[in-house]
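**Q** Sharing a structure, written as structure tokens. Questions coming.
The values are calculated or read from the model by the stated rules, or taken from the named source; none is laboratory data. Here the structure is a predicted model, which means the values were calculated and not measured. Note: ideal-geometry Cβ built from the backbone for every residue, glycine included; neighbour counts use all protein chains shown.
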Amino acid sequence: MQPPHTQRWDPAGYERNARFVSDLGTPVLELLAPRPGERILDLGCGDGALTERIAASGARATGVDASPEFIAAARARGLDAAVMDGRHLTFENAFDAVFSNAALHWMRDPDAVLAGVYRALVPGGRFVGEMGGHGNVAAIVVAVSAVLARRGLDAMQHSPWYFPTAQEYAAKLEAAGFGVDSIALHPRTTPLPTDMAGWLATFADSFFAPLTPQERALARDEVLALLRPVLCDSAGRWTADYVRLRFVGHRL
Ligand SMILES: C[S@@+](CC[C@H](N)C(=O)[O-])C[C@H]1O[C@@H](n2cnc3c(N)ncnc32)[C@H](O)[C@@H]1O
């Protein structure tokens, strides 16, 4: 089986550069509205920060993620968590709800993911999620593309992401057997707790995979130089141009 992605996740770097990802998951958790006793799967649970909040509601939370490092971190919180590729979920009629924050856009085969979520849910079970949507981190993608193009490389061939429109993802949900209760894009300019170098190191590794370590450092500096005028303010504070796709569906 192919590895799910070339992105390597480092829980310490994630804590430093990307804690905002789970912190900003609160509106999605509110949409999930977990109830005591419900069985809920957190798909792409990362280090389990949101799984822990689902469990705190009294629900029986299970986390799955492709990263063994993150699953170790989730288990260290005392959570029920397992290494599993979201494209090959093995659950059958096992959950009242599937939740996912900031993970589905990393799973490049959305139809396989949706088929597995459908099987994992009981009939009527809800699927509540947020992911990168169309136009997400567009400035960053353009800067990375320009820098790789200077080296004869097509960034899109190395992109780990899938950022659909609301219409496209709604059609996929319906084709997979879900009713769509709500789905919309939410532009969300996001202040970064560290800087763009930290963001690139945490999330954008796979774009630079074809380069040698020395070339990578140079390419990264070129990306930062292109982005500084548009995503860094005069006080040196960086933001990322996030656009999220948030949805609620249910298994028909
Ligand atoms: C940005 S993190 C979000 C983690 C967590 N949901 C949160 O809100 O902090 C994206 C997660 O998706 C996971 N992921 C990426 N591809 C995956 C796949 N094919 N199957 C399962 N998990 C995957 C990564 O390992 C990572 O933990």
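**Q** Under 6 Å between Cβ atoms, which residue pairs at least 6 apart in sequence (or on different chains) link something in the stretch 44-68 that is farther than 11 Å from residue 82 by Cβ with a partner that is part of a loop (DSSP other than H, G, I, E, B) and among the aromatic types (Phe, Trp, Tyr)?
**A** From residues that are farther than 11 Å from residue 82 by Cβ, the pairs are 67/9.
**Q** Which residue is surrounded by the fewest Cβ atoms within 10 Å (Cβ to Cβ), if the candidates are limited to the stretch 51-66 and must be more than 17 Å from residue 96 (Cβ to Cβ) and either polar (S, T, N, Q) or within 8 Å of the ligand (Cβ to nearest atom) (or both)?
**A** Checked the stretch 51-66; the qualifying residue surrounded by the fewest Cβ atoms within 10 Å (Cβ to Cβ) is 66.
**Q** Given the residues 154, 181, which is the only one that is in contact with a helix residue (DSSP H, G or I) (Cβ under 8 Å, 6 or more places away or on another chain), more than 23 Å from residue 236 (Cα to Cα) and at pLDDT 95 or above?
**A** 154
**Q** Something else now. Just for helices (runs of 4 or more DSSP H) wholly inside the stretch 146-252: which have at least 1 residues that are of a type in the set (Val, Ile, Thr)?
**A** Helices (runs of 4 or more DSSP H) meeting the threshold: 196-203, 213-231.
**Q** Is it true that some residue in the stretch 86-98 is within 30 Å of residue 226 (Cβ to Cβ) and either over 13 Å from the mean Cα position of the chain (by Cα) or buried (at least 17 other Cβ atoms within 10 Å of the Cβ) (or both)? Show your work before the answer.
**A** As a first pass, look at the stretch 86-98 and keep what is within 30 Å of residue 226 (Cβ to Cβ): none.
Checking the stretch 86-98: not a single residue is within 30 Å of residue 226 (Cβ to Cβ) and either over 13 Å from the mean Cα position of the chain (by Cα) or buried (at least 17 other Cβ atoms within 10 Å of the Cβ) (or both).
**Q** On the basis of being in contact with an Asp or Glu (Cβ under 6 Å, 6 or more places away or on another chain), of a type in the set (Gly, Ala, Ser) and in contact (Cβ under 8 Å) with a residue 60 or more places away in the chain, does residue 139 make the cut?
**A** Answer is yes for this residue.
**Q** Take the stretch 212-224 and flag every residue that is in contact (Cβ under 8 Å) with a residue 40 or more places away in the chain and either within 13 Å of residue 145 (Cα to Cα) or crowded, with 18+ Cβ neighbours inside 10 Å (or both).
**A** Passing the criteria: 219, 222, 223.
**Q** Does residue 19 fit the bill of being near the ligand (Cβ under 9 Å from one of its atoms), at pLDDT below 95 and either part of a helix (DSSP H, G or I) or not β-branched (Val, Ile, Thr) (or both)?
**A** yes
**Q** Which one of the conditions (1) small (Gly, Ala, Ser); (2) more than 13 Å from the ligand (Cβ to nearest atom); (3) not in a loop (DSSP other than H, G, I, E, B) does residue 37 fail to meet, given that it meets all the rest?
**A** Here residue 37 clears every test but (3).
**Q** Something else: Looking at the stretch 31-50 only, could you name the residues that are over 16 Å from residue 103 (Cβ atoms), of a type outside the set (Gly, Ala, Ser) and out of contact with any Lys or Arg (no Cβ under 8 Å at 6 or more places or on another chain)?
**A** 34, 35, 36
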